[in-house]
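What follows is one structure encoded as structure tokens, with my remarks underneath.
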């Protein structure tokens with residue numbers, strides 16, 4: 001493996017860590033309605049568990065209300081059961097075949113708990129990025145041991161990898177800060 005390949009691989013893996021953090025944080029309930037909150041819930045559909053987004057239309061009707069319309073009338077009960085069984089703490093209201101979920105405002109205590117959780121997830125993402133850095137640095141050192149690169153090339157590669165790490169850690173900080181601000185809005 002060459003130094004440019006090592007750097008490219010490290011950059012790709014670090015970017016995936018940031019994307020994973022963003023994806024995980026979209027599922028976090030903030031008091032604002034978001035389809036990402038329920039899309040992943042598993043619904044029993046004729047004996048197999050499928051994501052809610054595959055058996056119903058999910059939309060945001062206003063800032064605090066989600067509307068779920070199952071494509072089949074007999075799926076209403078299964079969708080309600082999936083929502084009630086989730087750890088989201090949401091209560092669905094059904095009118096015919098339309099299921100509405102009102103997002104209650106978050107309490108100050110719950111906001112602080114969620115902010116701590118966001119910070120913890122951010123730390124986990126940073127650890128993942130640093131692990132990628134460690135792997136990349138080790139690969140560069142191995143190349144030096146095998147005498148495939150010079151010491152100057154190794155030093156330059158390590159500096160570049162550190163710059164990549166710093167950039168992605170800043171990205172994580174920005175994602176965490178944005179989510180915390182979203183949580184603290186009333």
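Per-structure values
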quantity	calculated
Only one of 183, 164, 144 that is modelled with pLDDT under 90 and within 23 Å of the chain's Cα centre (by Cα)	183
Filtered residues of region 149-181 (kept if surrounded by 14 or more Cβ atoms within 10 Å (Cβ to Cβ) and either more than 23 Å from residue 26 (Cα to Cα) or not assigned by TED's automatic domain parsing to the domain that holds residue 9 (or both))	149, 153, 154, 156, 157, 158, 160, 161, 164, 165
Checking residue 131 against (1) under 23 Å from the mean Cα position of the chain (by Cα); (2) surrounded by fewer than 12 Cβ atoms within 10 Å (Cβ to Cβ), the condition it does not meet	(2)
Verdict on residue 36 being part of a helix (DSSP H, G or I), modelled with pLDDT under 90, in contact with a strand residue (DSSP E or B) (Cβ under 8 Å, 6 or more places away or on another chain) and surrounded by 12 or more Cβ atoms within 10 Å (Cβ to Cβ)	no
Some residue of region 46-53 being surrounded by 14 or more Cβ atoms within 10 Å (Cβ to Cβ), over 20 Å from the mean Cα position of the chain (by Cα) and assigned to a loop (DSSP other than H, G, I, E, B)	no
Qualifying residue in region 85-105 (condition: more than 24 Å from residue 51 (Cβ to Cβ) and surrounded by fewer than 12 Cβ atoms within 10 Å (Cβ to Cβ))	yes
Residue selected from region 1-31 under the condition in a loop (DSSP other than H, G, I, E, B) and surrounded by 15 or more Cβ atoms within 10 Å (Cβ to Cβ), by the criterion farthest from the chain's Cα centre (by Cα)	31
Subset tally (residues that are surrounded by 13 or more Cβ atoms within 10 Å (Cβ to Cβ), in contact with a helix residue (DSSP H, G or I) (Cβ under 8 Å, 6 or more places away or on another chain) and in a strand (DSSP E or B)) for region 54-71	6
Number of the exception - residue 42 against (1) more than 24 Å from residue 138 (Cβ to Cβ); (2) crowded, with 19+ Cβ neighbours inside 10 Å	(2)
Residues (free of Cβ contacts under 8 Å to residues at least 40 places away in the same chain and either part of a strand (DSSP E or B) or in contact with a strand residue (DSSP E or B) (Cβ under 6 Å, 6 or more places away or on another chain) (or both)) located in region 72-83	76, 78, 79, 80
Residue that is nearest to residue 20 (Cα to Cα) [pool: residues in region 138-157 that are touching a helix residue (DSSP H, G or I) at 6+ places or on another chain (Cβ under 6 Å) and in a helix (DSSP H, G or I)]	139
Residue 113 out of contact with any helix residue (DSSP H, G or I) (no Cβ under 8 Å at 6 or more places or on another chain), farther than 30 Å from residue 70 by Cα, at pLDDT 90 or above and part of a helix (DSSP H, G or I)	no
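The values are calculated or read from the model by the stated rules, or taken from the named source; none is laboratory data. Fair warning: this is a prediction, and the values are worked out from it, not measured in the lab. A quick note on method: Cβ atoms are made from the backbone with ideal geometry, for glycine too, and the neighbour counts reach across all protein chains shown.
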